[in-house]
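For reference, the structure discussed in these notes is given below.
The values are calculated or read from the model by the stated rules, or taken from the named source; none is laboratory data. Since the structure is predicted, the reported quantities are computational estimates derived from the model, not experimental observations. Note that each Cβ is placed from the backbone with ideal geometry, even for glycine, and that neighbours are counted across all protein chains shown. Areas reflect the complete protein model, heavy atoms only, side chains present, ligands, DNA and RNA absent. Shrake-Rupley method; radii C 1.70, N 1.55, O 1.52, S 1.80 Å.
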Amino acid sequence: MYAQMIKTASAGVKSREEMTDQEREFQDKIDNDIKIEPRDWMPDDYRRTLIRQIGQHAHSEVVGQLPEGNWITRAPTLERKAILLAKVQDEAGHGLYLYSAAETLGESRDELVRLLHEGRMKYSSIFNYPTLNWADIGAVGWLVDGAAIVNQVALQRTSYGPYSRAMIRICKEESFHARQGYHAIMKMAFGTPEQTRQAQSAVDRLWFPAIMMFGPTDADSTNSDQSMAWKIKVKSNDELRQQFVDQTVPQIEYLGLDLPDPNIKWNEERGHYDFSDPDWSEFFNVIKGNGPCNVDRMKDRVAAWDDGEWVRDGLLAHAQKKAAAKVAAE
Amino acid sequence: MSVDKQQLLQFLLRQGDNTLVLGHRVSEWCGHSPILEEDIALANTALDLIGQTQMWLGYAAEVQGEGKTADDLAFLRDAWDFRNVLLVEMPNGDFGQTLLRQFLFDAFQSVLMGRLMKSSDEQVAAIAAKASKEIAYHVERSADTVVGLGDGTEESHDRMQAALEYLWPYAGEMFESDDTDAAMAAAGVAPDPAGLREEYDALIGKVLGEATLTIPDSRYNHKGGRNGAMHTEHLGHLLTSMQWLQRAYPGCEW
Ligand SMILES: [Fe+2]
Ligand SMILES: [Fe+2]
Ligand SMILES: [Fe+2]
């Protein structure tokens, strides 16, 4: 998922008796699956938590342009180049819808971007891993967008109306990305021995980072209860991870690639695949800024913003001149 | 009147190489532009240019008749076989330089496509008809941005003026004509580019005027791209990244 370890702003889930009338009315709406809309009253903590979650999701879409953009100029055919450009364009568009959803909660895009650039907000850990060969581009679409979909399909039922609607719209495009990614890695897996080797390398490197996308195990996932009660979070990290593993393992097998984890095995009794935990110390390191690409990703984004200041200022100044001229003419 | 296949091929390569090389340049911005809306717009522009490339080079490969594809032409020719104008291979520079380059090219394309839609060659006419809708949007957008930045702050104005001075000597090559152009004009496939200059100057004059930018007096222009005689040093580097996978792993399906 693109929102990980969102700290829920809350002192703990209140019982009905502890709630004010307003809070009770709010909770009743959520329990009855009535969407919360921007003008509705909402607890401050609900608003704050949502801003963090939607903001982190938006940042992920934007930073996520970088690892894929890394291969646009090297895409091997015109068609692959066009597909990748269209995908990256979609991701930037997702960033835009999500920032708009956050704006309905009273937080501006500029402020969220400032917090990101100051290191006070995060984006998904997955985008701190490098894309090293062409098969990685297929694997990102298939595994990363695939994992995002598992989470975001669940979030279509989230309680906040604009977020839920953004998820519905975004999921359609993400599904398309995942299919195209799988198609691209199929070509690699079924290609020449050198291509197969690239595909295997991509799966080996990206498997654990992909399953880390769902965040820490439920046991280590603090603050989840309030987010679940508010339906900001709809399924637990472990449930979503299991769902992703179950849908993805047969796809790896179909590609004829070796499984990236020797402990992946069908468990008849559970009706699910067993698999190894990722190295959680690596995950926490990446979250802390020690992933292979954290520093470069932020350097790129901050430079883009800083280098673009004169452009934003110029266009704004022109728009103001035009508006002033219009007023003067009236 | 029948068209010389070799001349038609040259003409088609000129179209397709222009859009291919510029599409590559624009795509280099991915994730690095001044504002999210521009990331989207630049990706969209690059995507349109690559789509146009598929049509132009697809037809070029067909005319060539050697069983090659658009991809073979894009990824397996060396720099001296490219027929794009030098303008499109010039580096991105800052955002203003990128948008000014785009405007100088879009304006040319918008004038040219109107003529190509009436081409005696049905495929050329069909490609032009499809591309012209995209180009109309591109030129509107690049013109607006050039005006906004030219007539923005002092800094943005100065940067745009510097970009214009840097790129201006590359605009004239689009209007050079040679035997290929004469053959295309005689067959009614395409106009002689020299004849488009007046309309082009009027269009860019209006926009650059609104942008408060001064067009340099000099009409000196660099050339050698559209006939392959002498590209800039930049093209080789561009092709090095663009063609790398196809060169390193020949004969694969992707
Ligand atoms: Fe996305
Ligand atoms: Fe996403
Ligand atoms: Fe996606």
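If you filter the range B:204-237 down to residues that are within 14 Å of chain A (Cβ to nearest Cβ) and in contact with a Gly (Cβ under 6 Å, 6 or more places away or on another chain), you find that the one that is surrounded by the most Cβ atoms within 10 Å (Cβ to Cβ) is B:211. Restricting the range A:109-125 to residues that are open to solvent by less than 50 Å² (accessible area, probe 1.4 Å) and touching a Lys or Arg at 6+ places or on another chain (Cβ under 9 Å) leaves a set whose member that is farthest from residue A:52 (Cα to Cα) is A:117.
Restricting B:121, B:48, B:78, B:72 to residues that are within 13 Å of the chain's Cα centre (by Cα) and either modelled with pLDDT of 95 or more or under 17 Å from residue B:232 (Cβ atoms) (or both) narrows the list to B:48.
Considering A:54, A:30, the condition of being away from ligand 1 (no atom under 16 Å from the Cβ) and of a type outside the set (D, E, K, R) is satisfied by A:30 alone.
Out of curiosity, is residue B:89 charged (D, E, K, R) and within 9 Å of chain A (Cβ to nearest Cβ)? No. Whenever a residue of the range A:135-156 is under 11 Å from residue A:171 (Cα atoms) and away from every other protein chain (no Cβ under 14 Å), its partners that are within 11 Å of ligand 3 (Cβ to nearest atom) and not in a helix (DSSP H, G or I), lying with C-beta atoms within less than 7 angstrom and at least six residues away or across chains, give the pairs A:148/A:2. Summed over the range A:199-225, the residues that are modelled with pLDDT under 95 and in a helix (DSSP H, G or I) give a count of 5. Picking from residues in the range B:18-58 that are polar (S, T, N, Q) and at the interface with chain A (Cβ under 7 Å from one of its Cβ atoms), the one that is surrounded by the most Cβ atoms within 10 Å (Cβ to Cβ) is B:53.
Among the residues of the range B:238-254 satisfying the criterion of being of a type outside the set (A, V, I, L, M) and at the interface with chain A (Cβ under 7 Å from one of its Cβ atoms), which is nearest to residue B:74 (Cα to Cα)?
First, pick out the residues of the range B:238-254 that are of a type outside the set (A, V, I, L, M): B:240-241, B:243-244, B:246-247, B:249-254.
Then keep just the ones that are at the interface with chain A (Cβ under 7 Å from one of its Cβ atoms); that gives B:241, B:244, B:246, B:249, B:252-254.
Values: B:241: 12, B:244: 12, B:246: 10, B:249: 15, B:252: 15, B:253: 15, B:254: 15 Å.
Taking the candidates together, the pick is B:246.
Only a single item in (1) open to solvent by less than 10 Å² (accessible area, probe 1.4 Å); (2) over 27 Å from residue A:311 (Cβ atoms); (3) among the hydrophobic types (A, V, I, L, M, F, W, C); (4) touching a residue at least 24 places away in the same chain (Cβ under 8 Å) is not met by residue B:127, and it is number (1). Any residue in the range A:183-190 that is of a type outside the set (Lys, Arg), over 22 Å from residue A:84 (Cα atoms) and crowded, with 18+ Cβ neighbours inside 10 Å? No, the range A:183-190 contains no residue that is of a type outside the set (Lys, Arg), over 22 Å from residue A:84 (Cα atoms) and crowded, with 18+ Cβ neighbours inside 10 Å. Count of the range A:12-30 residues, restricted to those that are in a helix (DSSP H, G or I), over 16 Å from residue A:161 (Cβ atoms) and basic (Lys, Arg), is 2.
Yes/no matrix, rows are residues, columns are (1) open to solvent by 90 Å² or more (accessible area, probe 1.4 Å); (2) in contact (Cβ under 8 Å) with a residue 60 or more places away in the chain:
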site	(1), (2)
A:289	no, yes
A:304	no, no
A:312	no, no
A:319	no, no
A:327	yes, no
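Selection within the range A:127-183: residues that are part of a helix (DSSP H, G or I) and basic (Lys, Arg). The member of this set that is nearest to residue A:52 (Cα to Cα) is A:165.
One residue stands out in the range B:189-203 among those that are of a type in the set (A, V, I, L, M, F, W, C) and surrounded by 15 or more Cβ atoms within 10 Å (Cβ to Cβ): the one that is nearest to residue B:15 (Cα to Cα), namely B:190. Against the test of being over 16 Å from the mean Cα position of the chain (by Cα) and within 27 Å of residue B:223 (Cβ to Cβ), the options B:65, B:93 yield a single qualifying residue, B:93.
Selection of helices (runs of 4 or more DSSP H) fully inside the range A:240-330 by the criterion of at least 3 residues being within 11 Å of chain B (Cβ to nearest Cβ) returns A:294-307, A:309-329.
Reported count of residues in the range B:153-188, each being open to solvent by 50 Å² or more (accessible area, probe 1.4 Å) and either under 20 Å from the mean Cα position of the chain (by Cα) or at pLDDT below 95 (or both), is 5. Residues in the range A:62-104 that are more than 14 Å from ligand 1 (Cβ to nearest atom) and of a type in the set (Lys, Arg) were compared, and the one that is farthest from residue A:186 (Cα to Cα) is A:74. Looking at the range A:121-130, can you tell me whether even one residue there is within 14 Å of chain B (Cβ to nearest Cβ), away from ligand 3 (no atom under 15 Å from the Cβ) and either free of Cβ contacts under 8 Å to residues at least 40 places away in the same chain or within 23 Å of residue A:7 (Cα to Cα) (or both)? Scanning the range A:121-130 turns up no residue that is within 14 Å of chain B (Cβ to nearest Cβ), away from ligand 3 (no atom under 15 Å from the Cβ) and either free of Cβ contacts under 8 Å to residues at least 40 places away in the same chain or within 23 Å of residue A:7 (Cα to Cα) (or both). Of the residues examined, residue B:119 is one that is crowded, with 20+ Cβ neighbours inside 10 Å and part of a loop (DSSP other than H, G, I, E, B). When the range A:27-76 is filtered for residues that are within 13 Å of ligand 2 (Cβ to nearest atom), away from chain B (no Cβ under 14 Å) and β-branched (Val, Ile, Thr), only A:54 remains.
Screening residue A:92 on (1) surrounded by fewer than 24 Cβ atoms within 10 Å (Cβ to Cβ); (2) within 13 Å of ligand 3 (Cβ to nearest atom); (3) free of Cβ contacts under 8 Å to residues at least 40 places away in the same chain shows it passes everything except condition (1).
So that you can scan it fast, the table gives a plain yes or no per residue for (1) more than 18 Å from residue B:109 (Cβ to Cβ); (2) among the hydrophobic types (A, V, I, L, M, F, W, C):
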position: B:8; (1), (2): yes, yes
position: B:20; (1), (2): no, yes
position: B:38; (1), (2): yes, no
position: B:55; (1), (2): no, yes
position: B:65; (1), (2): yes, no
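Residues in the range A:66-89 that are in contact (Cβ under 8 Å) with a residue 40 or more places away in the chain and in a helix (DSSP H, G or I): A:66, A:67, A:68, A:74, A:80, A:83, A:84, A:87. Only one residue in A:55, A:69 is within 23 Å of residue A:111 (Cα to Cα) and surrounded by 14 or more Cβ atoms within 10 Å (Cβ to Cβ), so which one is that? Answer to the check: A:55.
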